[in-house]
1. Quick one: what do you get for the chain if you divide its Cα Rg by 2.2 N^0.38 Å?
2. Return the Cα extents of the range 199-255 along principal axes one, two and three, sorted largest first, each rounded to a whole Å.
3. Going by a ≥ b ≥ c, the root eigenvalues of the Cα gyration tensor, does the range 209-332 fall in the rounded group (a/c under 1.5), the prolate group (a/b larger than b/c) or the oblate group?
4. Work out, step by step, the length gained on full extension between ASP355 and VAL242: first 0.36 nm times the residue separation, then minus their alpha carbon distance; give nm to one decimal.
5. Using +1 at the C-beta of Lys and Arg and -1 at the C-beta of Asp and Glu, which of GLY206, LEU236, LEU246 has the Cα lying farthest in the positive direction of the dipole of the range 199-255?
6. Using θ = phi - 60° and the Karplus curve 6.51 cos²θ - 1.76 cosθ + 1.60, what whole-Hz ³J(HN,Hα) does each residue of the range 103-120 get, with Gly and Pro shown as x?
7. Under 15 Å from the Cβ of TRP139, count the other residues' Cβ atoms, weight Lys and Arg +1, Asp and Glu -1, and hand me the total.
8. Taking the Cα centre of the range 199-255 as the origin, how large is its charge dipole in debye, to the nearest 20, when only Lys and Arg (+1) and Asp and Glu (-1) carry charge on their Cβ atoms?
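Coordinate-derived values only; no laboratory data. All values derive from a computational prediction rather than experimental measurement. Here the Cβ positions follow ideal geometry from the backbone for every residue, glycine too, while neighbour counts run over all protein chains shown.
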Amino acid sequence: MRISSTAGRGTLLAAVVASGMVFLDATVVNVALPHLGAELHASTAGLQWTLNGYLLTLAAFVLLGGALGDRLGRRKVFLAGVLAFTAASILCGAAQNIEWLIAARFLQGLGGALLTPGSLALLQSSFHPDERGRVIGAWSGLAGVSTALGPFLGGWLIDALSWRAIFFLNVPLAVIVIVAALRWTPESRSEGATGARFDVAGALLGALGLAGVTYALIEAQQLGPGSGQVVGAAVLGVVAAVAFVLLERRRRERAMLPPTLFGTRLFGVLNVYTVLVYAALTGLTFFFSVYLQNVVGYSALETGLATLPMTILLLVGSARSGALASKIGPRPQLTVGPLIAATGLFLLHGVSRGDSYWTAILPGITLFGLGMTLVVAPLTASVLAAAPDRLAGAASGFNNAASRVGGLLAVSALPLVVGLSGGGYERSGQLTPAYRQAVLLSAGLMVLGALIAAVLVRRPGRAPKKSRPCPSLPPPPTHQHEPDQDPDRSRAEQHRS
């Protein structure tokens, strides 16, 4: 398809709105944390699980979602994910206690794992190769906008209605996605994948590995790092993760994560980079929203408005960023972007109650948004370009998993590292030093990502130009009665000639 066609625009609409729901719910909840914590009487661990329950199933099963799409049909699995995500969103909005909400967030992440890789794989497999960079750039920018728009939209809904409205918002969005996908999006699947067995064992081992490590990091704040439950969960998580890697290597092309994806070093490097950058992004959003409301004194809407410059930059600049990377290669932007974002984080580190927004917050959030704008589109396009087209779903799924794992580890580990637990997020004396340390650690992750890009990311070598006849010369003549011109042809063929 072409982006100028009606079907092309309809397919892009379905992919962007669907993935936007997933990214929106990964960030919009941050603004609601103080409100749902007060209403549902949640501790810091409860707030962490509200975020991580979603990120955990999303990261653990997004690979399976990509593989299912490659085998069963990308549009079919994509729509199944949209329906599951919407049903879980309704359950989240109706939650009566923190345990109910956490359980619904687990289910919501599972629906997101089915639709997220499908949204990008549909674009990769449906559009003409000449327009994939432009389309992916538009997808990255608009999806990034939905991520950044979450705090603003969530703040408005929370102040005007309730924190429950942020989940019910997904219902009308899902209707748009389903109508657009059924009307305009073509079905596609990986050649030769029909009938292949699903790697259920790999999916379960991956989920168990993430769950064990996540549980150990969160509960270590309450039970202590040396408790039997924490140590047991950590050991179980590590063993399951090692078993997952060994299983995938043994199953090769039948694996949920085919080792073929790592045939080039670039694919692995870019996904490590993804973990670092998205860990820094999630670390900031988790602490920043709570800090602005509980320490600086902002309302939920004011907290969302504070991040609006980042939204505008992603909206305006992501497509241009993707186009620039296609001309000069991804390394310059993947190196400079995190450094600019880290500079913004250093500026946000010192925000205090009574500071002016224009001098204390705006410069930092603008630089952070500019840095992410330089990174998002080139990173997504480079990951997909490093993988074969027939594994577009698996590649997209793994990269999405990498970004969620980064966020999962940030939300799990940062409160432990900075000493925030229990109801500490409600007390300025505990939250302020924890916030400042978390922001500096996030800046350090950005700098580390920039170093990796500078050293290990290389622009692919240009393929040699194909020789072609000089346009000034006429084409070689064709002769109908020269059977001896081709000695390899059979006698019968020569006779017919």
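1. Normalised by 2.2 N^0.38 Å, the Cα Rg of the chain equals 1.06.
2. 42, 13, 11
3. Because a/c hits 1.5 or more and a/b fails to exceed b/c, the range 209-332 counts as oblate.
4. Residue separation times 0.36 nm, minus the Cα-Cα distance, leaves 35.9 nm.
5. The Cα lying farthest towards the positive end belongs to LEU246.
6. Ordered by residue, 3J(HN,Hα) equals 4, 5, 5, 4, 5, 5, x, 5, x, x, 5, 7, 8, 5, x, x, 4, 7 Hz.
7. +4
8. Taking the Cα centre of the range 199-255 as origin, the dipole is about 280 debye.
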